[in-house]
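Undergrad: One structure follows; several queries about it will come next.
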Amino acid sequence: MGNFRDWVLEVAGAEADPVFVGFNAAFDWSFVNYYFHRYLSTNPFGFAALDIKSLYMGATNCTWAGTKSSHIAKALHPKLEGTHDALEDALYQAELFRRIRSVER
């Protein structure tokens, strides 16, 4: 967890606040938060997360049912796909996040 914290802080940079981003972020953040607090007594992400599903809902004005990963992928045409491999899923979610941020409002 110390290596993870150090990497997060390095990538974020000295002037930035790290932001935990994920597809159904509340689920993943709860585990990450638990282990940071168990082993380091602090979480570099703080007590909040940015949820990709919620971001998509706000960016596209769709319903909650429209935030399923299959619906988002159909609309945004990502090159990657979710495979249930941790690294591949992280890269896929990062691609979805970037594509949602580029959606014209």
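Undergrad: When the residues of the range 86-105 are narrowed to those that are more than 15 Å from the chain's Cα centre (by Cα) and not β-branched (Val, Ile, Thr), which ends up surrounded by the fewest Cβ atoms within 10 Å (Cβ to Cβ)? Please lay out each step first, then the result.
TA: Applying the first criterion (more than 15 Å from the chain's Cα centre (by Cα)) to the range 86-105 yields 102-105.
Restricting the remaining residues to those that are not β-branched (Val, Ile, Thr) gives 102, 104-105.
Numbers: 102: 9, 104: 4, 105: 6.
Among them, the one singled out is 104.
The rows are residues; the columns are (1) part of a loop (DSSP other than H, G, I, E, B); (2) touching a His at 6+ places or on another chain (Cβ under 6 Å); (3) at pLDDT 95 or above; (4) not charged (D, E, K, R).
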site	(1), (2), (3), (4)
3	no, no, yes, yes
8	no, no, yes, yes
31	no, no, yes, yes
34	no, no, yes, yes
37	no, no, yes, yes
47	yes, no, no, yes
65	no, no, yes, yes
81	yes, no, no, no
93	no, no, yes, yes
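Undergrad: Kindly list the number of the only condition in (1) modelled with pLDDT of 95 or more; (2) assigned to a helix (DSSP H, G or I); (3) over 30 Å from residue 1 (Cβ atoms) that fails for residue 70.
TA: Only one criterion in (1) modelled with pLDDT of 95 or more; (2) assigned to a helix (DSSP H, G or I); (3) over 30 Å from residue 1 (Cβ atoms) is unmet by residue 70, namely (1).
Undergrad: To continue, here is another question. Return the residues of the range 67-83 that are surrounded by fewer than 16 Cβ atoms within 10 Å (Cβ to Cβ) and closer than 20 Å to residue 49 by Cβ; say none if nothing qualifies.
TA: Result: 68, single match.
Undergrad: When the residues of the range 18-34 are filtered to those that are closer than 11 Å to residue 50 by Cβ and β-branched (Val, Ile, Thr), which remaining residue is nearest to the chain's Cα centre (by Cα)?
TA: 21
Undergrad: For residues that are in contact with a helix residue (DSSP H, G or I) (Cβ under 6 Å, 6 or more places away or on another chain) and free of Cβ contacts under 8 Å to residues at least 24 places away in the same chain, scanning just the range 49-80, find the one that is nearest to residue 23 (Cα to Cα).
TA: Here the answer is 67.
The values are calculated or read from the model by the stated rules, or taken from the named source; none is laboratory data. All values derive from a computational prediction rather than experimental measurement. As a convention, Cβ positions derive from the backbone with ideal geometry for all residues, glycine included, and neighbour counts pool all protein chains shown.
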